[in-house]
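The values are calculated or read from the model by the stated rules, or taken from the named source; none is laboratory data. It should be emphasised that the depicted structure is a prediction, and the values quoted were computed from it without experimental measurement. Please note: Cβ atoms are built from the backbone with ideal geometry, for glycine as well, and neighbour counts cover all protein chains shown. Remember, those area values only see protein heavy atoms, side chains included, never the ligands or the DNA or RNA. Shrake-Rupley method; radii C 1.70, N 1.55, O 1.52, S 1.80 Å.
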Amino acid sequence: MIEKKLLFVCLGNICRSPTAEAVMNWKLKKAGLNHQVVCDSAGIIGYHSGEQADMRMRKHAIKRGYEVTSISRKVKPSIDFEHFDMIIVMDDQNIKDLNMLARSVEERKLIFRMADFRIQFNYDHIPDPYYGDQNGFELVLDLLEDACDGLMEHLETHNQISK
Ligand code: 4NP
């Protein structure tokens, strides 16, 4: 039974958030919890709407076993704030942009920062790899793997999912 609906958000929805969705889905499946959580992702901008994730991101992800399959779409505030339980963003600019799109204090309370779920890494955001080199894509994967572990723990300790 689905108990939790998560939306990961970044700027373009072709690098960080579709990868967060893929990593989280992989970890949920490994833990046998994939029937309790639904993951999706979206971007603040619609520039890449309808496109597959960035080829560089997909190549780095598949080397670690994650298939990034989602198709880019723009955030739909009136639908997404209604439908999802948590909207989990990659950096503080995403928070600012989403706060502008939210229509109430209750909707703003749905917004969480992915890096706040970190366990090992001392980063306060997931850096945008789009204009950087391959190290940036590897860093995104390192940080997302860590934050997804922390997010799983958060969901379990808050009784949102159970083994
Ligand atoms: P993302 O990376 O937000 O992690 O998907 C970006 C992708 C595209 C652009 C910026 C960031 N862009 O400006 O097109």
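Of the cross-linked pairs K5/K63; K76/K109; K29/K63; K63/K109; K59/K109; K74/K96, which ones have a Cα-Cα span greater than 24 Å in the structure shown?
K5/K63; K63/K109; K59/K109, as the Cα separations exceed 24 Å there.
Sticking with the crude label model, points 7 Å out along Cα→Cβ, report the distance from H154 to I45 in nm, one decimal please.
Once both label points are built, they end up 2.6 nm from each other.
Find the accessible area per residue for the chain; the probe is 1.4 Å, ligands and nucleic acids are left out, and the unit is Å². Numbers along the way, then the final one.
Values: 8350 Å² over 163 residues.
For the chain, the per-residue accessible area is 51 Å².
Per-residue ellipticity at 222 nm for the chain, helices alone: DSSP H runs ≥ 4 residues times -39500 (n - 2.57), over residue total, nearest 500 deg cm²/dmol?
Using -39500 (n - 2.57) per qualifying helix, the result is -13000 deg cm²/dmol.
How high is the relative contact order of region 4-157, given as a whole-number percent (alpha carbon pairs under 8 Å, six or more residues apart)?
27
Please give the FRET efficiency for K163 paired with E82, using the beta carbon to beta carbon distance and R0 = 35 Å, rounded to the nearest 0.05.
Details: r = 29 Å, r/R0 = 0.83.
Efficiency computed from Cβ-Cβ geometry: 0.75.
With a cut-off of at most 15 other beta carbons within 10 Å, and DSSP calling the residue loop, which trypsin sites (Lys or Arg not before Pro) in region 18-111 qualify? Please list them.
Numbers: sites: K27, K29, K30, R56, R58, K59, K63, R64, R73, K74, K96, R103, R108, K109; in loops: R64, R73, R103, K109.
Loop-located and lightly packed - R64, R103, K109.
Given a 10 angstrom Cα cut-off, can you work out which residue in V89, V140, V38 is the most mobile in a GNM of the chain?
V38
Full extension from F121 to K59: what is 0.36 nm times the residue separation minus their Cα-Cα distance, to one decimal in nm?
Extra length from F121 to K59 when fully extended: 20.0 nm.
How long, wide and thick is region 4-157, going by the Cα atoms along their three principal axes, in whole angstroms, largest first?
41, 36, 29
Run the quick spin-label model on Q93 and Q52: label points 7 Å from Cα toward the beta carbon, then report their separation in nm to one decimal.
My value for the distance between the label points is 2.7 nm.
Does a label point 7 Å from the Cα of E138, set along Cα-to-beta-carbon, have any residues of region 37-77 with amide nitrogen under 17 Å, and which are they?
56-66
State which stretch of the chain is the longest one without any exposed GluC sites (Glu not before Pro), exposure meaning a DSSP loop state and at most 15 other Cβ atoms within 10 Å.
68-163
Roughly what % of DSSP beta bridges within region 4-157 run antiparallel, to the nearest 5?
5
Within the chain, what whole-number % of the accessible surface is contributed by carbon and sulfur, with the 1.4 Å probe and all protein chains included in the calculation?
Roughly 50 percent of what the probe reaches on the chain is carbon or sulfur.
Can you find, among Q93, F121, I14, the residue farthest towards the positive end of the dipole of region 4-157? Put +1 on the C-beta of Lys and Arg, -1 on that of Asp and Glu.
Selected residue: I14.
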